[in-house]
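K.L.:
Sending over a structure as structure tokens; questions will come in a sec.
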Amino acid sequence: MRLYDEDIANLRTLGNFGAELLPQEGTILTHCNAGALAACGYGSALGVIRAAIEHGKKIDVFADETRPFNQGARLTAWELMKDGIPTTIICDNMAGHFMFKGRIQAVIVGADRIAANGDTANKIGTYSVAILAREHGIPSTSPHRSTPSTPRPHRETSSPSSSAARARSPTSMAARSPLTESH
């Protein structure tokens, strides 16, 4: 229990530092899930959003789906909804549109891996979101907290997250992911 309490305290400190970087009012884009479900009850990336709201900032969130496994649509959106934080789910490819229209004021993403030099690796699509944010002059950050990451099976790129749902593509169709490519 002591480690849990220490982790929560560290995540709250991280959230408070990150909250200072967010505007007083605006929409934040998230990619993937770095909330309480992934980071010990408070969250790293979502901890920044929680802290900003606790400090009186008027923040709403665009949670992108985060394909292929839809962590944003399933997990991030659920956590934010549970906390009463205004959230809208968008498909991954809509981020550029909303940035262009001036609807996104900051981007916060998780970090599955952190290199010794501070570089981060996150879910597929994070790079594209970062490039779009840079192109549109939108600040982006990845509050650091390392969590395990494993290569994703073929079914995650060809099927929805629910095993009861129909496949999105034929099961015999080839699918590519940088995590399954040989280097």
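The values are calculated or read from the model by the stated rules, or taken from the named source; none is laboratory data. Given the structure is predicted, the values throughout are model-derived calculations rather than measurements. For neighbour counting, all protein chains shown are included, and Cβ atoms are generated from backbone atoms with ideal geometry for every residue, glycine included. Accessible surface areas use protein heavy atoms only, side chains included; no ligands, DNA or RNA. Shrake-Rupley method; radii C 1.70, N 1.55, O 1.52, S 1.80 Å.
K.L.:
For Leu22, indicate whether it is touching a strand residue (DSSP E or B) at 6+ places or on another chain (Cβ under 6 Å), modelled with pLDDT of 95 or more and not in a loop (DSSP other than H, G, I, E, B).
P.N.:
Spelling it out, it is not the case that Leu22 is touching a strand residue (DSSP E or B) at 6+ places or on another chain (Cβ under 6 Å), modelled with pLDDT of 95 or more and not in a loop (DSSP other than H, G, I, E, B).
K.L.:
Next question. Taking Gly96 as meeting all but one of (1) in contact (Cβ under 8 Å) with a residue 12 or more places away in the chain; (2) out of contact with any helix residue (DSSP H, G or I) (no Cβ under 8 Å at 6 or more places or on another chain), write down the number of the exception.
P.N.:
It is condition (2) that Gly96 fails.
K.L.:
Given the criteria open to solvent by 30 Å² or more (accessible area, probe 1.4 Å), at positive phi and not β-branched (Val, Ile, Thr), does Gly118 qualify?
P.N.:
Working: open to solvent by 30 Å² or more (accessible area, probe 1.4 Å): yes; at positive phi: yes; not β-branched (Val, Ile, Thr): yes.
It is true that Gly118 is open to solvent by 30 Å² or more (accessible area, probe 1.4 Å), at positive phi and not β-branched (Val, Ile, Thr).
K.L.:
What number of residues within the stretch 63-102 are at pLDDT 95 or above and farther than 16 Å from Thr27 by Cα?
P.N.:
Selection size over the stretch 63-102: 0.
K.L.:
So is Ala116 under 11 Å from the mean Cα position of the chain (by Cα) and either part of a loop (DSSP other than H, G, I, E, B) or modelled with pLDDT under 95 (or both) or not?
P.N.:
Answer is no for this residue.
K.L.:
Within the stretch 36-64, track down each residue that is open to solvent by 10 Å² or more (accessible area, probe 1.4 Å) and either in a helix (DSSP H, G or I) or on the phi > 0 side of the Ramachandran plot (or both).
P.N.:
Cys40, Gly41, Arg50, Ile53, Glu54, Gly56
K.L.:
Within the stretch 12-33, identify whether any single residue is at negative phi, of a type in the set (A, V, I, L, M, F, W, C) and surrounded by fewer than 17 Cβ atoms within 10 Å (Cβ to Cβ), and answer yes or no.
P.N.:
Initially, the stretch 12-33 is screened for residues at negative phi, giving 12-25, 27-31, 33.
Subset that is of a type in the set (A, V, I, L, M, F, W, C): 14, 17, 19, 21-22, 28-29.
From what's left, surrounded by fewer than 17 Cβ atoms within 10 Å (Cβ to Cβ): 17, 21.
Yes; the residues of the stretch 12-33 include at least one that is at negative phi, of a type in the set (A, V, I, L, M, F, W, C) and surrounded by fewer than 17 Cβ atoms within 10 Å (Cβ to Cβ).
K.L.:
For the stretch 68-105, what are the residues that are under 15 Å from Lys123 (Cα atoms) and of a type in the set (Val, Ile, Thr)?
P.N.:
Selection gives Thr76 alone.
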